[in-house]
1. Could you work out how far helix 437-449 tilts from the main Cα principal axis of the chain, as a 0 to 90 degree angle to the nearest 10?
2. For residue 40, tell me the accessible area in Å² from a 1.4 Å probe, rounded to the nearest 10.
3. Using +1 on the beta carbon of Lys and Arg, -1 on that of Asp and Glu, and nothing else charged, what's the dipole of the chain about the Cα centre, debye to 20?
4. If you take the square roots of the eigenvalues of the alpha-carbon gyration tensor of the stretch 185-243 and sort them as a ≥ b ≥ c, do you get rounded (a/c under 1.5), prolate (a/b over b/c) or oblate?
5. Quick check: the angle from helix 370-383's long axis to the longest principal axis of the chain, C-alpha only, nearest 10 degrees?
6. Can you give the local net charge around residue 255? Use residues other than it whose beta-carbon is closer than 12 angstrom to its beta-carbon, Lys and Arg +1, Asp and Glu -1.
7. Taking K and R as +1 and D and E as -1, what net charge do the other residues with C-beta under 13 Å from the C-beta of residue 325 add up to?
8. Report, in listed order, any pair from 198/427; 51/88; 19/140 with a Cα-Cα distance greater than 31 Å.
Amino acid sequence: MSLTTEALAAMVREDSVHKHVYTDPEIFALEMERIYGQAWIYVGHESQVKKTGDYHTTRIGDQDVIMVRAADGKVHVVYNRCPHKGAKVVPDGDGCTGKFFRCPYHAWTFKLDGSHLSLPLKNGLEGTCYDPANPDFSMKAVARVDSYRGFVFASQSAEGPDLLTFLGGVASSIDNLCERSPVGEVEVAGGTFRVMQKSNWKVFYENLHDTMHARVTHESSFVAAREEAKEIGEMPFELLIMDGNGEPYEFWEKLELRAYHNGHGYMEAIFDPAAATRDPVSREHFAVLTEAYGEEKARQILGMNRHNTIIYGSGSPHTVFQQFRVIRPVSVDRTMIEIQTFRLKGAPDAVFDRALTYANLINSPSSNVMPDDVEVYKRCQEGNQTRGGDWVSLHRYLGTDKETPDGMVSTNGTSELPMRNQFAAWKQYMLNPAKTPTQADKKEADRAAA
């Protein structure tokens, strides 16, 4: 396939997208360059690197990177590569490298910001271009790094909007997650779930705001929850959070869907915010927030009625149940999902326990809900590889969306506005590539050679 600008533009219609955007490896490779090569991407939370030398490895698109806390207290993000032979300097996962990085292959060492420190037997490099001050002999830093309320993002492009401009309206979801702590701070805790999905990365983003699938895809779990509740004579929290997927279509139609610029957005919550003062856990949480912020502000914080927020390219924070589903593309038909759970500093322990319960029952690989989604995502991937048709529908409530100063809002909760918004962002990135670090380096080299 010839991926010309015209060919890429033709893949996104107002009411549908071509199936190749999910199945073509060449398009996937271009996405890694043009979307993940320029957008701000979530790399981790500052609480994951508390002490000097603490590191967290992750990926920005197809690039392995390290988030690390340096001696100056700042968080840096560097590519996980030694400039000598190209070896990954630290293994995947979390750890502490101490006062410096040391490559396991030939013991080249680097400061925690990636700059060159030392190497064995320097006399062997006399008379060569080796120079500790030359960036070619350092671990390369990602072009831009910034943090919003402890959430660290990085961009591989030196150019583009600043982080807060990029986040736009969804920054308020991060604000709400932090404000649910009486001291305004959260930390990653309780471990991380990882689920490998056999589908393209965009499928999960679309599904996060797909209100039409819940009562169909998750029928087995909400029916089982209702049967169990009937047998025991009550609907405890563990069953209630599964029961929510079984609401009738009329319920889903009343929900609000918000679409912001850059593909971001959120879906109105499916649980009643007025319940914040009814169950014992919420009452205790409300009490500590009232003490910290006052009753009016506490009601406002707990009443922010959002379910899944989408930060396009990064994943989905969920404010009510204190988690971030991080979406990492692996290949055109493989996507790694990492579910991070947050503790609200200063909040009652029961609030964190409830968040862990939600994560286990809804998002864990062995839950009654997540496997439903993973199966249908796989079927979408497989079906789009057949000759059964070329286009994927985005028709629902097309033309009815209302414009707002920062995006769009749906007129019906079953609208496919979020999917159309995501592909508008996809098209913008794919047709207007920024100057990536590699391109910038080449341009500078060409200028020097001339």
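The values are calculated or read from the model by the stated rules, or taken from the named source; none is laboratory data. Since we're looking at a predicted model, the values are computed, not measured. Reconstructed Cβ throughout: ideal geometry from the backbone, glycine too, with neighbour counts over all protein chains shown. Calculation scope for accessible area: heavy atoms of the full protein, side chains included, ligands and nucleic acids excluded. Shrake-Rupley method; radii C 1.70, N 1.55, O 1.52, S 1.80 Å.
1. 20
2. Surface open to solvent at residue 40 totals about 10 Å².
3. Value, rounded to 20: 1360 debye.
4. Oblate is the answer for the stretch 185-243, as a/c is 1.5 or above yet b/c matches or exceeds a/b.
5. 70
6. Cβ neighbours under 12 Å give a net charge of -3.
7. Taking every other residue near residue 325 into account, the sum is 0.
8. 19/140
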